[in-house]
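The values are calculated or read from the model by the stated rules, or taken from the named source; none is laboratory data. Small disclaimer: the values here were computed from a predicted structure and weren't measured. Neighbour counts run over all protein chains shown; Cβ positions are idealised from the backbone, glycine included.
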Amino acid sequence: MNNRDLSPPGPAREAYHHGDLATALLDGALALLAQGHEPSLRAVARQAGVSTMAPYRHYADKDALLAAIAVRGLTQLHDAVLAADRAAAPGRALVAQALAYVRYAHDNPVLFRLMFGPTRPRADEAVCDAAQAVKTLMLQRLVSEAPEQFSPDRAIGCWSLVHGLAMLVLDGLLDDTDPNPLDGLVERVVQTMLEGRQG
């Protein structure tokens, strides 16, 4: 580092030198969001310890940065739901998916709100595709477990139930917010829905 380089050292700066500036910028943006700050490109550059022009190598504007954050979160959510689905005992995959979905929201509240909140760049194709992948994964399991009872309206209702539970948890409107009781609550509610579906 020469005398003209006044950027602070640290993990983000080191990541940049190793060609991972895009990831360092996303990490910086998430840190700012968690602190309640606006993740402008200038602020994210400062957080990552790079010049104010450096973010433009990867993101055309703030919307592009927010879209990339949303895609990262949606991809993580998809992977968590998929892992839960594959590890579930026979007949338990829908409950396992719901638990993974709500648990992800509980563990990543700021990111989850960005993924589905009003600031999400809804017109971004990558964001739409990532959100659709999560929806498709859940609906495919619903079809496979009860093909004779599947309908688009029922599918939307099931997803609404799971997503609504996640939002109620984030908004602090449920009493069972400790990890273990939370899992029990989600399981009871989803199982009640499934039993009603069979009637």
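Selection within the range 158-177: residues that are more than 20 Å from the chain's Cα centre (by Cα) and surrounded by 12 or more Cβ atoms within 10 Å (Cβ to Cβ). The member of this set that is modelled with the highest pLDDT is L174. Inspection of the range 21-44 identifies at least one residue that is modelled with pLDDT of 90 or more and either in the same structural domain as R141 (by TED's automatic domain parsing) or of a type in the set (K, R) (or both). Scanning the range 26-57 for residues that are farther than 23 Å from R113 by Cβ, assigned to a loop (DSSP other than H, G, I, E, B) and not polar (S, T, N, Q) gives G49, V50, M53. You will find that of A80, A60, the residue that is of a type in the set (G, A, S), out of contact with any Gly (no Cβ under 6 Å at 6 or more places or on another chain), without any contact (Cβ under 8 Å) to a residue 40 or more places away in the chain and in a loop (DSSP other than H, G, I, E, B) is A60 and no other. Hey, does the range 88-104 have a residue that's surrounded by fewer than 17 Cβ atoms within 10 Å (Cβ to Cβ), free of Cβ contacts under 8 Å to residues at least 60 places away in the same chain, part of a helix (DSSP H, G or I) and of a type outside the set (D, E)? Checked against the condition, which is being surrounded by fewer than 17 Cβ atoms within 10 Å (Cβ to Cβ), free of Cβ contacts under 8 Å to residues at least 60 places away in the same chain, part of a helix (DSSP H, G or I) and of a type outside the set (D, E), the range 88-104 yields no hits at all. Scanning the range 95-123 for residues that are farther than 22 Å from H37 by Cβ, in contact with a helix residue (DSSP H, G or I) (Cβ under 6 Å, 6 or more places away or on another chain) and not hydroxyl-bearing (S, T, Y) returns V95, A96, Q97, A98, L99, A100, V102, H106. With the condition kept exactly as written, say whether any residue in the range 141-154 is modelled with pLDDT of 85 or more, under 19 Å from the mean Cα position of the chain (by Cα) and either not assigned by TED's automatic domain parsing to the domain that holds A87 or not in a loop (DSSP other than H, G, I, E, B) (or both). So far as the range 141-154 goes, no, none of its residues is modelled with pLDDT of 85 or more, under 19 Å from the mean Cα position of the chain (by Cα) and either not assigned by TED's automatic domain parsing to the domain that holds A87 or not in a loop (DSSP other than H, G, I, E, B) (or both). L82 meets all of the listed conditions (1) surrounded by 15 or more Cβ atoms within 10 Å (Cβ to Cβ); (2) at pLDDT below 90 but one, namely (2).
Checked against (1) modelled with pLDDT of 90 or more; (2) within 24 Å of D27 (Cβ to Cβ), F116 passes all but a single condition, namely (1). Quick check on A29: is it surrounded by fewer than 21 Cβ atoms within 10 Å (Cβ to Cβ), within 19 Å of the chain's Cα centre (by Cα), among the small types (G, A, S) and under 18 Å from G73 (Cα atoms)? No: the conditions fail for A29.
Can you find a residue in the range 125-134 that is acidic (D, E), within 24 Å of A68 (Cα to Cα), modelled with pLDDT of 90 or more and in a helix (DSSP H, G or I)? So far as the range 125-134 goes, yes, one or more of its residues are acidic (D, E), within 24 Å of A68 (Cα to Cα), modelled with pLDDT of 90 or more and in a helix (DSSP H, G or I).
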